[in-house]
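Novice: For reference, the structure I am asking about is given below.
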């Protein structure tokens, strides 16, 4: 019997409950997930996979591999995924290096098919490392089936924790955030940025992110958001704003329905 995450309401209240019970829920989910058979299959078979073509040819293996990086929606884009993997990450013109979404680069680097070296799939412990990520992402996905914003918040907390150890230049962290669609969505809403923001010049976007982070959060770098209090503030504002927008949309829809019903009644009375 599979276990579905327990989500008690949405918004920040739902987040507080979820984080309080997160460790126990994740453990139970991992032990009673509906994907248990796929995980066992991956653990058994992945060591024999030595090329990108081999991986994409096995849908069950590919599903776990993509799911571990939050890329499960690409399960049917086999040619694209094979190119991502076979190109590797070493050459500047490798496909994953040219994509804005850097999850693809992490995916390709994890398997190491295009490196010119033996693939990482044959290394001891490789399956365990991928399955650990898959378990985390699977839990987040199942949370998202009940509340998409809580999934984004969980992902942000995980990604920001990793970002603090990424290193690089002062702007590297911001480019990482800007190139990660789910994480970017959290920042854009928490920062109060409009939907058209992504159309701006990349340098203008970078300057805006840095300016708002400094003024409203006292953050001098993207890595500062790995600090627990600042991270919680970011997530709280994101969820409150997302909740307010959803409430406004629902209220607006209800108002339009009432107006429509009133117009129909008026027309009915006039015909009498």
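The values are calculated or read from the model by the stated rules, or taken from the named source; none is laboratory data. These numbers were taken from a predicted model, which means no experiment stands behind them. So basically every Cβ, Gly included, is an ideal-geometry build from the backbone, and we count neighbours across all protein chains shown.
Novice: All but one of (1) free of Cβ contacts under 8 Å to residues at least 12 places away in the same chain; (2) over 24 Å from residue 239 (Cα atoms) hold for residue 61; state the number of the condition that does not hold.
Specialist: All conditions are met except number (1).
Novice: Also: Which residue out of 142, 128 is in a helix (DSSP H, G or I) and either assigned by TED's automatic domain parsing to the domain that holds residue 212 or farther than 24 Å from residue 235 by Cα (or both)?
Specialist: Exactly one of 142, 128 is in a helix (DSSP H, G or I) and either assigned by TED's automatic domain parsing to the domain that holds residue 212 or farther than 24 Å from residue 235 by Cα (or both), namely 128.
Novice: With respect to the numbered conditions (1) over 25 Å from residue 234 (Cβ atoms); (2) not in a helix (DSSP H, G or I), which one is the sole condition not fulfilled by residue 107?
Specialist: Only one criterion in (1) over 25 Å from residue 234 (Cβ atoms); (2) not in a helix (DSSP H, G or I) is unmet by residue 107, namely (2).
Novice: Quick check on my filter: what residues within the range 177-197 are without any contact (Cβ under 8 Å) to a residue 24 or more places away in the chain, part of a helix (DSSP H, G or I) and surrounded by 13 or more Cβ atoms within 10 Å (Cβ to Cβ)?
Specialist: Correct list: 184, 188, 197.
Novice: Another one. Being within 25 Å of residue 47 (Cβ to Cβ), surrounded by 21 or more Cβ atoms within 10 Å (Cβ to Cβ) and touching a residue at least 60 places away in the same chain (Cβ under 8 Å) is true for just one of 134, 107. Which residue is that?
Specialist: The unique qualifying residue is 134.
Novice: Can residue 114 be described as farther than 23 Å from residue 139 by Cα, modelled with pLDDT under 95 and more than 22 Å from the chain's Cα centre (by Cα)?
Specialist: yes
Novice: Here is a further query. Residue by residue through the range 143-161, note down the ones that are within 21 Å of residue 35 (Cα to Cα) and touching a helix residue (DSSP H, G or I) at 6+ places or on another chain (Cβ under 7 Å).
Specialist: Across the range 143-161, the qualifying residues are 143, 144, 147, 151, 154, 155.
Novice: For the range 153-176, does any single residue satisfy the condition of being free of Cβ contacts under 8 Å to residues at least 40 places away in the same chain, at positive phi, part of a loop (DSSP other than H, G, I, E, B) and exposed (fewer than 15 other Cβ atoms within 10 Å of the Cβ)?
Specialist: yes
Novice: Please go through the range 19-40 and pick out each residue that is within 11 Å of residue 131 (Cα to Cα) and without any contact (Cβ under 8 Å) to a residue 40 or more places away in the chain.
Specialist: 36, 38, 40, listed by residue number.
Novice: Looking at 87, 101, 58, 74, which is the one that is in contact with a helix residue (DSSP H, G or I) (Cβ under 8 Å, 6 or more places away or on another chain) and at pLDDT below 95?
Specialist: 101
Novice: Further question on the same structure: Residue under question is residue 79, and the condition is that it be surrounded by fewer than 18 Cβ atoms within 10 Å (Cβ to Cβ), in contact with a helix residue (DSSP H, G or I) (Cβ under 6 Å, 6 or more places away or on another chain) and part of a helix (DSSP H, G or I); does it hold?
Specialist: In short, no.
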